[in-house]
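Enquirer: Provided herewith is a single structure, encoded as C-alpha cells, for subsequent inquiry.
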Amino acid sequence: MNAYRVVADALTGLRLVAGVALAVRPSVGLVVVGIATDWIDGTIARLGDAAPYGGRFDLEADSVLTLGAAIAATRRGGGRSLLVAPILRYAVVAARDPRTYTPRERFFDRVSGIAQMAVLVGALAPWPLRLLSLTALPVTAARCATLAALLTTGAVQSGPRKRPAEARFGPDPGIGAPEVMGAPAREDR
C-alpha cells in the first residue's frame, strides 16, 4: 500500500464521516468539507497505484454525503421530497452496477447529482444561497428521472437508434460492416 492511496482513502473516509455527521448535526461546513475531499481524493489517488475498491468507495462516500445532506436539509425545514432521490439511488445501485453505465449515462448521473447537491447546500446555507432551495422540486424530479432511466441498460441513448428490424435481427448481412457511430454504412453491392 502506498502513501497516496492511504491519503486518498483517508479523505474519502472523512467524506463518509461528514455524511453521517450531517444526519445528526446539520451544517454547511460539513458539506463543504465533504465536497472539498471529493475534489481532492481522486487527484491524489491517481498519483499512486489505483486500488481496486477505490472508485466504488468514492462513489459510496459521495452517496452517503448526499443522503446526509438531504437529511440535514429536511431537518432544517426543507421538504421531505429532498430525501426521495438520495434514497432512490440505493435502489438503483441494488438493481444495476454503476460500473456498467455508458459514458453518456455516467454524464447524466453526475450532472443531476451535482444539481441535487447544489440544492441541498442551498437548503442548508444562509440567505441568499437559500434561494437555491426554490429549485428543489424540479431538480429532485430531474434527478429521479435520471435514476429511473439508469435502471435499464442503454435507457439513456448514446448512439443512433436502430430501426425495428435491425434491433430484432441485427444489420442486413448484404450491406457489409455494421455502422460505426457517426459513420455511414458501406455499400458492398
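Enquirer: Which residues, counting only those in the stretch 97-114, are open to solvent by 40 Å² or more (accessible area, probe 1.4 Å) and either touching a Ser or Thr at 6+ places or on another chain (Cβ under 9 Å) or of a type outside the set (A, V, I, L, M) (or both)?
Expert: Residues satisfying the conditions are D97, R99, T100, P103, R104, R106, F107, F108, R110, V111.
Enquirer: Still on this structure, please answer the following. Let me confirm something: among A118, A125, which residue is surrounded by 14 or more Cβ atoms within 10 Å (Cβ to Cβ), under 30 Å from L30 (Cα atoms), out of contact with any strand residue (DSSP E or B) (no Cβ under 6 Å at 6 or more places or on another chain) and at pLDDT below 90? Write out each step before concluding.
Expert: On the way: A118 fails: at pLDDT below 90.
Within the list A118, A125, the selection yields A125.
Enquirer: Return yes when G55 is within 22 Å of R99 (Cα to Cα) and open to solvent by 20 Å² or more (accessible area, probe 1.4 Å) and no when it is not.
Expert: Against the criterion (within 22 Å of R99 (Cα to Cα) and open to solvent by 20 Å² or more (accessible area, probe 1.4 Å)), G55 qualifies.
Enquirer: Mind checking which residues of the stretch 20-52 are within 17 Å of P98 (Cα to Cα) and of a type in the set (K, R)?
Expert: none
Enquirer: With open to solvent by 60 Å² or more (accessible area, probe 1.4 Å), closer than 30 Å to T152 by Cβ, among the small types (G, A, S) and under 15 Å from the mean Cα position of the chain (by Cα) as the only criterion, which of A61, A94 stands out?
Expert: A94
Enquirer: May I pose another question? Quick check: is even one residue across the stretch 40-48 of a type in the set (D, E, K, R), out of contact with any Gly (no Cβ under 6 Å at 6 or more places or on another chain), surrounded by 16 or more Cβ atoms within 10 Å (Cβ to Cβ) and not in a loop (DSSP other than H, G, I, E, B)? Even if it seems obvious, please write down each step before you answer.
Expert: The first filter runs over the stretch 40-48 and keeps only residues of a type in the set (D, E, K, R), leaving 41, 46.
Within this subset, residues satisfying the condition of being out of contact with any Gly (no Cβ under 6 Å at 6 or more places or on another chain) are 41, 46.
The next check asks that each one be surrounded by 16 or more Cβ atoms within 10 Å (Cβ to Cβ); those that pass are 41.
With the extra rule that they be not in a loop (DSSP other than H, G, I, E, B), the set shrinks to 41.
Yes, some residue in the stretch 40-48 is of a type in the set (D, E, K, R), out of contact with any Gly (no Cβ under 6 Å at 6 or more places or on another chain), surrounded by 16 or more Cβ atoms within 10 Å (Cβ to Cβ) and not in a loop (DSSP other than H, G, I, E, B).
Enquirer: While we're on this one: In the set A85, A10, which member is without any contact (Cβ under 8 Å) to a residue 60 or more places away in the chain, at negative phi and out of contact with any strand residue (DSSP E or B) (no Cβ under 6 Å at 6 or more places or on another chain)?
Expert: Details: A85 fails: without any contact (Cβ under 8 Å) to a residue 60 or more places away in the chain.
After ruling out the rest, the residue left standing is A10.
Enquirer: Just to check your reading of the model, which residue among A61, A73 is touching a residue at least 60 places away in the same chain (Cβ under 8 Å), among the small types (G, A, S) and under 19 Å from I114 (Cα atoms)?
Expert: Exactly one residue qualifies, and that residue is A73.
The values are calculated or read from the model by the stated rules, or taken from the named source; none is laboratory data. All values derive from a computational prediction rather than experimental measurement. Because the Cβ atoms are built from the backbone with ideal geometry, glycine has one as well, and the counts that use them run over all protein chains shown. All accessible areas refer to the heavy atoms of the entire protein, side chains included, with ligands and DNA or RNA removed. Shrake-Rupley method; radii C 1.70, N 1.55, O 1.52, S 1.80 Å.
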